[in-house]
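Asker: Below are the C-alpha cells for one structure; questions will follow.
The values are calculated or read from the model by the stated rules, or taken from the named source; none is laboratory data. What you see is a predicted model; the values in this text were computed from it and never measured. All Cβ positions, even for glycine, are placed from backbone atoms using ideal geometry, and neighbour counts span all protein chains on display.
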Amino acid sequence: MEQFLSYFTLDVIGIALLSTLLIMLFIQIYFYLAYYKKPLSYLKQIADTHEEITPLPSVSVIIVAKDESENLAKCLPSILNQDYPDYEVIVVNDGSTDESEFLLKNLKREYPFLYSTFSPYSDANETIQNKVLPLTIGIKAARKDILLFTEADSLPMTNQWVKSMVNSLANKDIVVGYSRFTESEDFSNKTALFDNLIFTLQYMSMAIKDKPFAGLYKNLAYRKHLFFDNKGFSATLNYDNAEEVFVNYIMTDNNTAIALSQDSYVSTELDNFSHWRKIKTAYSRAKFNFKGFTGGVFSLETLSRYLFYSLAIASIVYSIISQLWVYLGAAILLFIIRYIIQIIVLNKASDHFLTNRFHLSLPFLDLIQPYYNSYFSRISKSKKRRKK
C-alpha cells in the first residue's frame, strides 16, 4: 500500500509543469474546435439551405501573366471550357517576352469570349508595385458585373469552378476560395501542404465569424463596383503587394463569403521550395499592412503550441529523472489527447480540401511550420519598403 501511495507523491515542480501544460492543452483544444473545425461545421450547417443563384450573373475572369506561356497553355483550356452561360476571360499580358501573345492569339480564334490586353514594361511602372497596374488594366477592360481572379499557375479542378464561386458569393460582395498545392516527395512540399491547410482554415474560419482578413488572387471574386467605389488601388498603392492589402481593406464583417464546394477549388503546381517561398513572402509583405489585428489572434495559437510542446517535454524529462511515474503518465496522456484531437480535425479537413493526410509526421510539421512562417516574415521585412 505504501509503495502504491508513493506513486502519488506531491511534487511542486511536477504539479506546476502539469498544471501549465493542462492550460496550454485547453487553449489548443479551443483553437482546434472553435477555429480549425469551423469550416467543415459551417459546411454542414448550410448544406440544406444553400440554393443556386438564378439567373446567374455575368462574370469576368481576370488573369495576369508575365512570361507564363507554359502555365497559360495548361490552365486556359480548363477556364475556357467552364459550364457557365455568360462569362468572359481577360488575360493581361504583363510585359511578357515569351510565347504568351502567340498562344493567346491562337486561342482567341477558337474562343471569342477570350480577350487579351497588354501591360507594357517601362521604368515608370517600377513605382507601381507587383500586379497593381496589370490588374487595373484587366478590371477596367472587364464588361461583366462580377470579377473572378485566378493566376496562370492555378488550374480549376472542375468545369463548375465559375458557377460554384458565383453561387458561393450569393448576396455578398466578396468570396474567397481555396487553392490547393500539388503533392511531391520533396520534404518542403509536405510542410507547404500543412501550412496551406492551416492558413486556409484560419482565413475561412475568421470569415465565417464575420472577421475576414485575407483573400488571395489565386481564387477570389468580388463585385466590380467595389473596385470603383474604393477608387481602385489608390488607398493601398504605397504598399508592397497593394492588391492583397486592398482585399483586406474592402472586407467588412458582413460582405465576405467563403467557397467550400470542391467544385470551387483551383490547384496550384508547387514546383519547388523557391516557388513556395515566393508565394509566402508576397503574402507576408501584404500582411504587415493589414488593418486591425484580426489574423493576429492565431499568434496566441502558435505561442500556446510551442509552450505545449516545451512543457510536455519538460514534464516527461522531469518525471523520469524524479521517478514520478504518475506524473509521467499524465504528461503523456495530455500529449496523446491533443494529438488525437489534432489528427481528427486536420485529417477531416485534409479530406475535404483534397490534400495529404497527416499521421506520424504531424508533430514535426506542427513544430516546423511556425518556424518557416517566421523565416518568410524576416525575408519580407528585409525587402519591405514603403514608397514615399
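Asker: Among the residues of segment 76-96, write down those that are under 23 Å from residue 120 (Cβ atoms) and crowded, with 18+ Cβ neighbours inside 10 Å.
Answerer: 76, 88, 89, 90, 91, 92, 93, 94, 96
Asker: Exactly one of these conditions fails for residue 354: (1) at negative phi; (2) in a loop (DSSP other than H, G, I, E, B). Give me its number.
Answerer: (1)
Asker: For the condition of a type outside the set (A, V, I, L, M) and modelled with pLDDT of 95 or more, what is the one hit in 358, 353?
Answerer: When all the criteria are applied, what remains is 353.
Asker: Also: Out of segment 8-49, which residues are polar (S, T, N, Q), touching a residue at least 60 places away in the same chain (Cβ under 8 Å) and in a helix (DSSP H, G or I)?
Answerer: Passing the criteria: 20, 28.
Asker: Any idea which of (1) aromatic (Phe, Trp, Tyr); (2) modelled with pLDDT of 90 or more; (3) in contact with a helix residue (DSSP H, G or I) (Cβ under 8 Å, 6 or more places away or on another chain) is the one residue 364 doesn't satisfy?
Answerer: (3)
Asker: Please work out which residue is surrounded by the fewest Cβ atoms within 10 Å (Cβ to Cβ), limiting yourself to segment 227-254 and to residues that are under 19 Å from residue 138 (Cβ atoms) and β-branched (Val, Ile, Thr).
Answerer: Within segment 227-254, the match that is surrounded by the fewest Cβ atoms within 10 Å (Cβ to Cβ) is 250.
Asker: Give segment 202-243 a look and list any residue that's farther than 17 Å from residue 132 by Cα and basic (Lys, Arg), or say none.
Answerer: Once the filter is applied, which keeps residues that are farther than 17 Å from residue 132 by Cα and basic (Lys, Arg), segment 202-243 yields 209, 211, 223.
Asker: Looking at the structure I just gave you, is residue 184 in a helix (DSSP H, G or I) and either in contact (Cβ under 8 Å) with a residue 24 or more places away in the chain or acidic (Asp, Glu) (or both)?
Answerer: So residue 184 fails the test.
Asker: In addition: Examine segment 120-134 for a residue that is at pLDDT 95 or above and not in a helix (DSSP H, G or I), and state whether such a residue exists.
Answerer: No - not one qualifying residue is present in segment 120-134.
Asker: Taking segment 276-312 as the region of interest, how many residues are within 26 Å of residue 79 (Cα to Cα), touching a residue at least 60 places away in the same chain (Cβ under 8 Å) and not aliphatic (A, V, I, L, M)?
Answerer: Residues in segment 276-312 being within 26 Å of residue 79 (Cα to Cα), touching a residue at least 60 places away in the same chain (Cβ under 8 Å) and not aliphatic (A, V, I, L, M): 3 in total.
Asker: Is it the case that residue 303 is closer than 26 Å to residue 191 by Cα and of a type in the set (A, V, I, L, M)?
Answerer: Yes: the conditions hold for residue 303.
Asker: Go through segment 288-320 and give me each residue that's assigned to a loop (DSSP other than H, G, I, E, B) and either among the aromatic types (Phe, Trp, Tyr) or crowded, with 18+ Cβ neighbours inside 10 Å (or both). Before you say what the answer is, go through the steps one by one.
Answerer: To start, the set of residues in segment 288-320 that are assigned to a loop (DSSP other than H, G, I, E, B) comprises 288-293.
Hits for segment 288-320 are 288, 289, 290, 293.
Asker: Mind checking which residues of segment 42-66 are among the small types (Gly, Ala, Ser) and either in the same structural domain as residue 208 (by TED's automatic domain parsing) or in contact with a helix residue (DSSP H, G or I) (Cβ under 7 Å, 6 or more places away or on another chain) (or both)?
Answerer: Within segment 42-66, the subset among the small types (Gly, Ala, Ser) is 47, 58, 60, 65.
Of everything in segment 42-66, those that are among the small types (Gly, Ala, Ser) and either in the same structural domain as residue 208 (by TED's automatic domain parsing) or in contact with a helix residue (DSSP H, G or I) (Cβ under 7 Å, 6 or more places away or on another chain) (or both) turn out to be 58, 60, 65.
Asker: Let me ask something else about it. Just checking, does segment 25-48 include any residue being farther than 30 Å from residue 300 by Cα and among the β-branched types (Val, Ile, Thr)?
Answerer: Checked against the condition, which is being farther than 30 Å from residue 300 by Cα and among the β-branched types (Val, Ile, Thr), segment 25-48 yields no hits at all.
Asker: Here is a further query. Can you list residue pairs whose Cβ atoms sit under 9 Å apart, with the first residue in segment 60-78 being at positive phi and the second being part of a helix (DSSP H, G or I)? Count only pairs 6 or more apart in sequence or on different chains.
Answerer: From segment 60-78, the pairs are 67/100.
Asker: Looking for whichever is among the aliphatic types (A, V, I, L, M), surrounded by 13 or more Cβ atoms within 10 Å (Cβ to Cβ), within 24 Å of the chain's Cα centre (by Cα) and modelled with pLDDT under 95 here; the options are 33, 56, 43, 72. Which one fits?
Answerer: Of the residues listed, the single one that is among the aliphatic types (A, V, I, L, M), surrounded by 13 or more Cβ atoms within 10 Å (Cβ to Cβ), within 24 Å of the chain's Cα centre (by Cα) and modelled with pLDDT under 95 is 43.
Asker: Among the numbered criteria (1) closer than 23 Å to residue 157 by Cα; (2) in contact with a Lys or Arg (Cβ under 9 Å, 6 or more places away or on another chain), which single criterion is violated by residue 203?
Answerer: The number of the failed condition is (2).
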